[in-house]
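The values are calculated or read from the model by the stated rules, or taken from the named source; none is laboratory data. Since the structure is predicted, the reported quantities are computational estimates derived from the model, not experimental observations. Neighbour counts are summed over all protein chains in view; Cβ atoms, including those assigned to glycine, are modelled from backbone coordinates with ideal geometry. When the accessible area is computed, the model is the full protein with side chains, heavy atoms only, and any ligands, DNA or RNA have been set aside. Shrake-Rupley method; radii C 1.70, N 1.55, O 1.52, S 1.80 Å.
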Amino acid sequence: MELTVAEIRRLLAACRPRPPHLSGHRGRHHALSWSNWRRRRQAVACHCHYQRRCRTIEGRSP
């Protein structure tokens, strides 16, 4: 899956320098980890969706 514009924007925002009072709040590592988790979860959901649709088209009930 490709990166969306919103996700690229979010990752770039996480790389910007932050004011001192926000420096430890959800930094780059969190943004990258969350993005990787989200993309894996979306891939699994997409795979399951297509499997279910194939079963329905073949006449089998889910």
Practice item. Please go through the stretch 1-13 and pick out each residue that is within 13 Å of the chain's Cα centre (by Cα), at pLDDT 85 or above and not basic (Lys, Arg). Key: THR4, VAL5, ALA6, GLU7, ILE8, LEU11
Exercise for review: Look at the stretch 29-61 and say how many of its residues are open to solvent by 100 Å² or more (accessible area, probe 1.4 Å), within 24 Å of ALA14 (Cβ to Cβ), at pLDDT 90 or above and of a type outside the set (D, E, K, R).
Suggested key: 1
Point to revise | Flag if ARG16 is open to solvent by 90 Å² or more (accessible area, probe 1.4 Å) and at pLDDT 90 or above | key: no
